[in-house]
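In what follows, a single structure is set out as structure tokens and then discussed.
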Amino acid sequence: MRALIAQARATLPFDDPQALVCNGDCDRCALKLLTFLDQQLDDWRARLDAGESPTLHQVSELGRLCRQVAFALALP
């Protein structure tokens, strides 16, 4: 899970100011998608730091969410 979180942070444009600008397309709003995913990643990091062990399903779901956000942002 920690590797997935690190890969998502390295791959997705969380720190890119261009990605955080509203383009008027609310269905694929980069700002909302990245904010939501950032919250999910922070939540899982805190849960892992607290000693929680994720299930395979939870790892899979977070990976799926990351792939969906990347697809919505048209990233490879």
For the chain, take the longest principal axis of its alpha carbons; what is the angle in degrees between that and the long axis of helix 2-11, to the nearest 10 within 0 to 90? 10 degrees
In what order do Val69, Val59 fall by count of nearby beta-carbon atoms within 10 Å, going from fewest to most? Val59, Val69
Connecting C-alpha atoms closer than 10 Å in a GNM of the chain, tell me which of Leu56, Leu41, Leu65 has the biggest fluctuation. Leu56
Cubic angstrom per residue, convex hull over Cα atoms of the chain: 84 Å³
MRE, 222 nm, helices only [DSSP H, n ≥ 4, -39500 (n - 2.57), over the chain, to nearest 500]: -20500 deg cm²/dmol
Against the longest principal axis of the chain, how steep is helix 30-49, in degrees 0 to 90 to the nearest 10, with axes from Cα atoms? 10 degrees
So if we plug the beta-carbon distance of Glu52 and Phe14 into 1/(1 + (r/R0)^6) with R0 = 30 Å, what FRET efficiency do we get, rounded to 0.05? 0.85
Applying 1/(1 + (r/R0)^6) with R0 = 22 Å to the Cβ-Cβ distance of Phe71 and Cys22, what FRET efficiency is obtained, to the nearest 0.05? 0.65
In degrees, nearest 10, the alpha-carbon axis of helix 56-72 is tilted away from the dominant principal axis of the alpha carbons of the chain by 10 degrees
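Every number in this text was worked out from the coordinates using simple rules, so none of it is lab data. None of these values were measured; they are calculated from a predicted model. Using ideal geometry, Cβ is built from the backbone for each residue, glycine included, and neighbour counts are taken over all protein chains shown.
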